[in-house]
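Here, each number is a calculation from the coordinates, and none is a lab measurement. Being a predicted model, the structure only gives us computed values, none of them experimental. Heads up, the Cβs are rebuilt from the backbone with ideal geometry, glycines too, and the neighbour counts pull from every protein chain shown.
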Amino acid sequence: MRSSVAVAALALAALAVLGVAGPASAHDQLLSTSPKDGAVVATVPDEVTLTFSDLVMDAGGEANQVRILDSSCRPIDAGDATIADNVVTQRITQPATGPVTVQWRVVSRDGHPVSGEFSFTVGDGPAASPSCAAAAAPATPDSGGGSVLPWVIGGVVLVVVAAGGGYLLATRSRRTDDQ
Ligand SMILES: [Cu+2]
């Protein structure tokens, strides 16, 4: 009877560790873009939007940035990217034909930066997009999100305490049975 209590305590501790560590490691994912990756559009759009799986942190400064480059890797975007919940929008003010490369970098809800690149084509220029050097990413302090290590250590302590408690309960009950 008592040992099943110890097992239950261990299971609860393990669940607590998993439950707490889980969300901390989930990064936002890019769900869709407009224009879509690989799309061919007649004219250059006024803006590019990126839709993510979760909230994008409006961390200010250049933590979130979308760089839009023409076929010569020259920027055609204007102003800062704007963030509305999980949608990031970047305006385009320069004309362009041919392949357009979009390089993005945003701060996940958990505080971690995620980045990527996609491209579309304006008109019927060459299909293959040039490989533009990745935009120089500003160094962002890894605040907020942080490491999962403290949670792991906390989880191990929980398991050890639970196991110790279970052991004590088990030995006590055995003594009681002996008497
Ligand atoms: Cu993360």
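From the list V106, V102, V44, V48, which one is crowded, with 18+ Cβ neighbours inside 10 Å, in a loop (DSSP other than H, G, I, E, B) and not polar (S, T, N, Q)? Give the steps one after another, and end with the answer.
Numbers: V106 fails: in a loop (DSSP other than H, G, I, E, B); V102 fails: in a loop (DSSP other than H, G, I, E, B); V48 fails: in a loop (DSSP other than H, G, I, E, B).
Selected residue: V44, the only one of V106, V102, V44, V48 that is crowded, with 18+ Cβ neighbours inside 10 Å, in a loop (DSSP other than H, G, I, E, B) and not polar (S, T, N, Q).
In region 109-121, what residues are within 12 Å of the ligand (Cβ to nearest atom) and not in a loop (DSSP other than H, G, I, E, B)? Reasoning before the result, please.
If we filter region 109-121 for residues that are within 12 Å of the ligand (Cβ to nearest atom), which is where we start, we get 109-114.
Of everything in region 109-121, those that are within 12 Å of the ligand (Cβ to nearest atom) and not in a loop (DSSP other than H, G, I, E, B) turn out to be P113, V114.
What is the residue count in region 51-77 for residues that are of a type in the set (K, R) and loosely packed, with under 15 Cβ neighbours inside 10 Å?
The first filter runs over region 51-77 and keeps only residues of a type in the set (K, R), leaving 67, 74.
Keeping just the survivors that are loosely packed, with under 15 Cβ neighbours inside 10 Å gives 74.
Result for region 51-77: 1.
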